[in-house]
Structure formats: C-alpha cells, structure tokens
Amino acid sequence: MSGPVDETVLASEGRGVSAIEIQEGRTTTIGELAIVRVLPAKGRRSIGPWCFVDLMTPGDVEEPPPIEIGPHPHIGLATVTWLFEGSALHTDSLGTEQLIRPGQLNLMTAGRGIAHAEFGIEMSSAPSTKGHMGVQMWLAQPEATRHGGSRFQHLAELPVESLGDGDGTVLVGAIADAASDAAVDHPSIGMDVVFRGRVEVPAEPAFEYAVVPIGDPLKVDDAIVEPGSLAYVPPGYERLTVDTRSGTSRFLLLGGEPLGVPIKMWWNFVARNLDEITDAWRAWQDHDDDRFGPVPSTLARIDAPTPPWLGGA
C-alpha cells in the first residue's frame, strides 16, 4: 500500500525543553481509505532510513472501506507492512501471493524496480487501536543496494522483547536480546510497543528515532506527542522513556543510523535526483516489463501522474 508523496507537509514547533521535536502529520486518502501521513514532514524527510509512514484508518466505522490498491511501481525502497486489525493479500511482479494478518510482517525490497498490489480480505474498524488498522512504511535503500535486485520476505512470527511494563515486537533490526529476521539494507530498528504507565526502551546513541503514538497521546522524555504526530529523537540517547495516562497504550519506535545523503521522493519512487525518477516514471508508463513486471491481480493498474518538472510531457 502506498500513495503519492509531495512536498506539502506540516510541522509544529517542538514542545518541552529537550532536543526532541514534534512533527505533525496530515490526513489524505488512498482510494477510499483514510490515511494519516506522519512521515515525510516539512524539514524532516527521513529518520534513519525510514522515509514514509502512513497510518491506515477506516474512516467509516460502520462499513470500513476496502484496501484496494492496484498494481503500481517502486524503486529504491523497501515497503514494510504491519497490520493491527484485518488481513490483506499482497501480490507482486516476483510472482508472490501472500496473505498478511496482524502479528505478521511483509517486507518487499524494490531495488531497481518492482510492482505490487494490495487487496483487503478482512476489514475492521479497529476499536482496540482507536481506528488505526495498520501502517505502511518505507525504508530508503542505501547506494550499495538501491540499483540491485528486488525481493520479498514474509515473517509469520516475530521476536518480542520484554520492556518491564510493556512488550515490544521487533519488526526489523534488533533490540536487547530480540532480533528480527527481516533482511534490511541499512542499520535500523522498527518495533511495535504495547505498554501501561511507563516504559523505558534501550537506545543506540548512533541512531535517530521516531516515536509514533497509536491512538493515545504520549509523553516522550519531556515532550508531549499526540496521535497523528511523531516525536523525533536525535542521536545521542542511550534510553528512551515513554509515559501514558491512558491505561494500555501503543506506539511504533522507528529509527536507524542517518542515511548521510539527501533523498528525492515523488509518487512511489525514492531516488537521489529527478532524472532517476523520470526514468522510472517513463518505464512504468511504457509498460516496461523488464523493469516492472506484471502483477497477478484483478485490480486495475495505476497510471502514474506526470511529474510536475516535466510539464505537459
């Protein structure tokens, strides 16, 4: 699942007196599905290798809209799909057909090019997460792999690390004694934490982090972060303290070593310059099956909009 990325994003000034910054997300739609996009944000294009975070919400609680995202392309990134409720079928140009359910991870790495589709099998109003059905995230690939081959990985089980008053499911990377088998190309961490009261999470000082609340406001160090926003934590922390007053709460912890290079993002592409994006766009519009093969899906193929820098091309 994915949607267009543009430069129109919002940010708020950091609250609290620490180095933590609060970045506000914005609402958008993909098809009929309501989305809260918390990354990228103005002035914050990536956090570690994480460059895209969409929270999926049903919009209509009585009749949640379907996830129907027809075949579309990606380059230079890995998609990370994590559901809180419901299930969806992933298909891609590698020939993959994989059902994903809560507690399972789909990781699709694009490299030079891949195409995929997502179809919701079971939809839910997700009352336990205050309407959030799941999250779609991207990891920008480093130079060493972004022009390489594509791959897909499904993990039916993931390690869980005890954090005192909470538990963290490790999606990618490792924390303490828990290490995910997800094959990622840059030092990173992704964890889904469910806790009560207060939780302390070990941190790697070389990493920068995002704390993304799921459903309830949280306090990260001395900064308050509301649902639909994220708390940016710069490198240098050895431990992160997160508090809640809402009983059982949930958040995503995303982080990693800074990429060290600026990235360009447009539509479903992650690159380093506009020429690379233009080449990928033309390949998709020209039905270049060598770069973006056919996807086994009954959903309609999605045409790319014309890049704004090409005008009427």
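Here are the numbers for this structure:
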read-out: Looking only at the range 192-220, and only at residues there that are buried (at least 24 other Cβ atoms within 10 Å of the Cβ) and free of Cβ contacts under 8 Å to residues at least 60 places away in the same chain, the one that is farthest from G25 (Cα to Cα); value: V201
read-out: Number of the condition not met by Y237 [criteria: (1) in contact (Cβ under 8 Å) with a residue 40 or more places away in the chain; (2) over 16 Å from L77 (Cα atoms); (3) surrounded by 19 or more Cβ atoms within 10 Å (Cβ to Cβ); (4) more than 19 Å from the chain's Cα centre (by Cα)]; value: (1)
read-out: Of all residues making up the range 214-258, the number that are of a type in the set (A, V, I, L, M) and within 19 Å of V160 (Cβ to Cβ); value: 6
read-out: Near pairs, Cβ below 6 angstrom, 6+ apart or cross-chain, from the range 247-262 (farther than 17 Å from V53 by Cβ) to any residue that is modelled with pLDDT of 95 or more and assigned to a strand (DSSP E or B); value: T248/R196
read-out: Subset of the range 203-217 (residues that are in a loop (DSSP other than H, G, I, E, B) and at negative phi); value: A203, E204, P205, A206, F207, I214, D216, P217
read-out: Residue within the range 251-258 that is surrounded by 19 or more Cβ atoms within 10 Å (Cβ to Cβ), under 25 Å from E68 (Cβ atoms) and aromatic (F, W, Y) present; value: no
read-out: Hits in the range 105-128 (condition: within 21 Å of H287 (Cα to Cα) and at pLDDT 95 or above); value: M108, T109, A110, G111, R112, G113, I114, A115, H116, A117
read-out: Any hit, the range 156-166, residues being at positive phi, part of a loop (DSSP other than H, G, I, E, B) and not basic (K, R); value: yes
read-out: Matching residues in the range 59-99 - criterion: being outside any loop (DSSP other than H, G, I, E, B), of a type in the set (V, I, T) and modelled with pLDDT under 95; value: I69
read-out: Flag for V184 being assigned to a strand (DSSP E or B) and not hydroxyl-bearing (S, T, Y); value: no
read-out: Unmet criterion (only one of (1) at pLDDT 95 or above; (2) over 22 Å from Q136 (Cα atoms)) for A313; value: (1)
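The values are calculated or read from the model by the stated rules, or taken from the named source; none is laboratory data. From a predicted model like this one, the values you see are computed outputs, not experimental measurements. Using ideal geometry, Cβ is built from the backbone for each residue, glycine included, and neighbour counts are taken over all protein chains shown.
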